[in-house]
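What follows is a set of notes on a single structure, which appears directly below.
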Amino acid sequence: MLKYRTGLKDMPSYDVVERDWQIKVNANECNMNLPPMVEDRLMGRLSRVAFNRYPNEEYDYLCEQIADNHRLQKENVLLGNGSSEIIEKLFYCFGGTKAKKIVYLVPSFSMYSIYAKAAQAQGIEFPLNKDYSLNKEKFVAMVNEEKAGLAVICNPNNPTGTAYDLDTIEYIAANIHSNCALLIDEAYIEFYGRSAVGLLAKYPNLIVARTFSKAYGLASARVGYMLAAKEIITMIGKSYMPYHMNVLSLVTADIVYQMRHEYVPRIQMMIAERKRMTTLLDKLPGVTVYPSETNFILIKYAKAVKLNKYLEEQGIGVRSFGDKPGLKNCLRISMGLREENDTWYEAVKTFVEGRI
Ligand SMILES: *Cc1c(COP(=O)(O)O)cnc(C)c1O
């Protein structure tokens, strides 16, 4: 019998049911491919890649660009294969034994508890209020009582869409004990705008994680990054293998970042769609719509399981949460193109009005 690492057998696999959806609004992706101008530049750049060499300056170029944009230095930036890798490494580096505690919100990104297990740390769940707001005093109290080594806040929060204002983030940064790192997972920040990056200079334990997968529509390339004090970047950097970022993804993210102004209209369109769909969903009887500052909307509906099945039959893929704590009867719908949104809305409306 093979002798795997302790705990591995009980780890859940990440298996999302994917089908050839007619409308895919289940993963908070961007439903548009690269803007044509970006694609043109990228194709030219890819033809000049030195495939025979380990990536070298491409890593630094992207770090420098990101740093410049945030008025930081490149030593404040660490890239990862998606922010998933960043988060996983942070959990690994602040974990290591059952005695190390990592506090995160529930409901929030489901991978936090899995990364905590993988890091052999003790994951500690902080329950959000019923409306998914956050009691900052209680959060700080829990972090301090547990003597946590890492606290995580997803802002805006996935899958609830809830945003926590900068005063809340700063209150937490200022009041948790000095041996605890505070990670703000800003995967959806482009749709909200109020980033914690400006607080980095004041709070040396603060870490901000970002991704190219959502607003920048680059989920295929797997690129994310973290911003933090140089000492933190050096320490977390030790956990990576050499040349961990591949050059194809690096040059792709580099061009996307250089041309990020091309994405502003798209991001604004997604925000406009979110507002439009929130208003429309609000009109449906029995459907609770949670305010969102992201590119998705969470709804609660007593017959959510049946509704989800009906949508599946129509070729529409949304995200259902089953019996997950705090998410019973909830569905999360990502914003697609206007026509796609009209289509899934019609289907939801038909079901809710009992016209099927
Ligand atoms: C999508 C997502 C990520 C990870 O995205 P990557 O594709 O790995 O960069 C991280 N955190 C949250 C909350 C997300 O929703």
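The values are calculated or read from the model by the stated rules, or taken from the named source; none is laboratory data. As the structure is a computational prediction, the values presented were derived from the model and not from experiment. Cβ atoms come from the backbone with ideal geometry, glycine included; neighbour counts cover every protein chain shown. Heavy atoms of the whole protein, side chains included, go into the accessibility calculation; ligands, DNA and RNA do not. Shrake-Rupley method; radii C 1.70, N 1.55, O 1.52, S 1.80 Å.
Details
- Test: residue in the stretch 36-49 that is assigned to a loop (DSSP other than H, G, I, E, B), without any contact (Cβ under 8 Å) to a residue 40 or more places away in the chain and out of contact with any Lys or Arg (no Cβ under 9 Å at 6 or more places or on another chain): yes
- Some residue of the stretch 89-101 being within 16 Å of the ligand (Cβ to nearest atom), free of Cβ contacts under 8 Å to residues at least 40 places away in the same chain and either open to solvent by 10 Å² or more (accessible area, probe 1.4 Å) or not in a helix (DSSP H, G or I) (or both): no
- Hey, SER178 of a type in the set (S, T, N, Q) and within 15 Å of the ligand (Cβ to nearest atom) or not: no
- Restricting SER108, SER113, SER133, SER83 to residues that are farther than 21 Å from ILE255 by Cβ and within 12 Å of the ligand (Cβ to nearest atom) narrows the list to SER108.
- Flag for SER83 being open to solvent by 10 Å² or more (accessible area, probe 1.4 Å), hydroxyl-bearing (Ser, Thr, Tyr) and at pLDDT below 95: no
- Within the stretch 281-305, being surrounded by fewer than 18 Cβ atoms within 10 Å (Cβ to Cβ) and assigned to a helix (DSSP H, G or I) holds for ASP282, VAL305.
- Some residue of the stretch 305-313 being farther than 24 Å from GLN22 by Cα and free of Cβ contacts under 8 Å to residues at least 12 places away in the same chain: no
- Flag if TYR61 is within 22 Å of ILE176 (Cα to Cα) and in a helix (DSSP H, G or I): no
- Residues in the stretch 190-199 that are farther than 14 Å from PHE296 by Cβ, open to solvent by less than 30 Å² (accessible area, probe 1.4 Å) and either within 11 Å of the ligand (Cβ to nearest atom) or not hydroxyl-bearing (Ser, Thr, Tyr) (or both): ALA196, VAL197, LEU199.
- Here MET235, MET277, MET259, MET241 are screened, and the one residue that is open to solvent by less than 70 Å² (accessible area, probe 1.4 Å) and either more than 29 Å from ASP165 (Cβ to Cβ) or within 16 Å of the ligand (Cβ to nearest atom) (or both) is MET259.
- Screening GLU125 against (1) away from the ligand (no atom under 16 Å from the Cβ); (2) surrounded by fewer than 21 Cβ atoms within 10 Å (Cβ to Cβ); (3) modelled with pLDDT of 95 or more leaves a single unmet condition, (1).
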